[in-house]
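The values are calculated or read from the model by the stated rules, or taken from the named source; none is laboratory data. Values in this document were obtained by computation on a predicted structure and should not be read as measured data. With ideal geometry, Cβ positions are generated from the backbone for all residues, glycine too; neighbour counts draw on all protein chains shown. All accessible areas refer to the heavy atoms of the entire protein, side chains included, with ligands and DNA or RNA removed. Shrake-Rupley method; radii C 1.70, N 1.55, O 1.52, S 1.80 Å.
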Amino acid sequence: MSKRSDPGPEPVGRPLLISDDQPLVDELLRLAAAAGVSVELVPAPGDARASWRTAPLVLVGGDTVADAVRLALPPRRGVVVVSLAADTAVFQAGMSLRAEEVSVLPDGEAWLVGRLADVLEEPYRECAFVCVVGGRGGAGASTTAAALALTAMRMGLRPFLVDGDPLGGGIDLVLGGEDTDGLRWPDLVHARGRVSGTALRSALPRIDELHVLSWDRSDQLDVPPEAMRAVLAAGSRCSDVVVVDLPRRVDEAAAEALTRSTTTLLVVPAEVRAVASAARVATPIRAHAADVRLLVRGPAPTGLPAETIASSLGLPLAGDIAADHGLPVALDRGEFALGRGRDGLGRFCKEFLARLTDERQAA
């Protein structure tokens, strides 16, 4: 993957609007007011240099996008091109500007209001999505997902842990937080569109300072894909890392999460039958996730090497961890913990998250 230019300082301040098309300006100011934000308005790209690098979002009017390309303004994230009519030249100029979206009004109004409202919650950031799937039942996917989220928190990141497996027993049980007050999936299955990330985090159970979305003990056994989409989008706006524990069967909600994933970890015990099961699980995952990696959990009863398992499944090896014999008892008691010095899972999570961060910064 080629390296992008340095995006510069962390964006701050108001969104920047570059346009001299009065009808377009009027529409965008109306949408900004609906989102509750004020914008800095300049008529031409040459007047935008002072705020180009620092604005949290830049809206470039279709009337000025060609000039912005000609000026060769520095590459940056968070650029949206907006016009009142579909225009091939505007679209091509937007691609040259590396815009994240070329929005045509009025069709793009709802999306644009949501994008403007994002500025209120957090400066533009890129959130990492990690999905975790077990190669067979009892592989340790939920434990791995919980460990990743806890490790991220202890590394100074802001994680959001999502239990996407309705038949997994509840990831809050892994963390000993099943009695913690807060919203769970049955309360959110009707979520649609834009959900406030800040409001969502504040309403969820908080276990050891970790915000967790899990299941209650009701008969609700599925998540509509629209609800999964809304929740993950909200989580990404106020988190550095979103970790999603997924079922082995890829339903529509799981597909929604896998499509968003930065990396998907397939957790496989070092056993022949587990590898055979994982081969069937991996096929639908690969259809949705761009980057699938293997985490092998020992011990291997027959000495089956992790590299052989990875080769058999045709997946890159993310790690190979030994068994923690005290873990099953700790989980049963709701005393799951990391960082005990001999904790192979904790060491893997720290190294994996550090590597993932480095890869994203270099991309």
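Among the residues of the stretch 220-257, those that are of a type in the set (A, V, I, L, M, F, W, C) and either over 10 Å from the mean Cα position of the chain (by Cα) or part of a loop (DSSP other than H, G, I, E, B) (or both) comprise 221, 223, 227, 228, 230, 231, 238, 246, 250, 253, 254, 255. Residues of the stretch 178-203 that are open to solvent by less than 50 Å² (accessible area, probe 1.4 Å) and more than 12 Å from residue 214 (Cβ to Cβ): 189, 191, 195, 196, 197, 200, 201, 203.
Residue pairs whose Cβ atoms lie under 6 Å apart, sitting 6 or more positions apart in sequence or on different chains, and linking a residue in the stretch 128-157 that is under 14 Å from residue 349 (Cα atoms) to a partner that is part of a strand (DSSP E or B) and among the basic types (Lys, Arg), are 140/297. Could you check, for the stretch 334-341, whether at least one of its residues is part of a helix (DSSP H, G or I), among the aromatic types (Phe, Trp, Tyr) and either under 19 Å from the mean Cα position of the chain (by Cα) or at pLDDT below 95 (or both)? Looking through the stretch 334-341, none of the residues is part of a helix (DSSP H, G or I), among the aromatic types (Phe, Trp, Tyr) and either under 19 Å from the mean Cα position of the chain (by Cα) or at pLDDT below 95 (or both).
Quick grid of which residues meet (1) without any contact (Cβ under 8 Å) to a residue 40 or more places away in the chain; (2) open to solvent by 50 Å² or more (accessible area, probe 1.4 Å); (3) touching a helix residue (DSSP H, G or I) at 6+ places or on another chain (Cβ under 6 Å):
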residue	(1), (2), (3)
78	no, no, no
81	yes, no, yes
84	no, yes, yes
89	yes, yes, no
97	yes, no, yes
100	yes, yes, no
103	yes, no, yes
112	no, no, yes
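Of the helices (runs of 4 or more DSSP H) lying entirely inside the stretch 106-210, the ones with 1 or more residues being touching a His at 6+ places or on another chain (Cβ under 6 Å) and not polar (S, T, N, Q) are found at 197-203. Can you find a residue that is basic (Lys, Arg) and open to solvent by less than 70 Å² (accessible area, probe 1.4 Å) anywhere in the stretch 294-304? Yes, some residue in the stretch 294-304 is basic (Lys, Arg) and open to solvent by less than 70 Å² (accessible area, probe 1.4 Å). Can you find a residue in the stretch 195-218 that is under 18 Å from residue 258 (Cβ atoms) and hydroxyl-bearing (Ser, Thr, Tyr)? Within the stretch 195-218, not a single residue is under 18 Å from residue 258 (Cβ atoms) and hydroxyl-bearing (Ser, Thr, Tyr).
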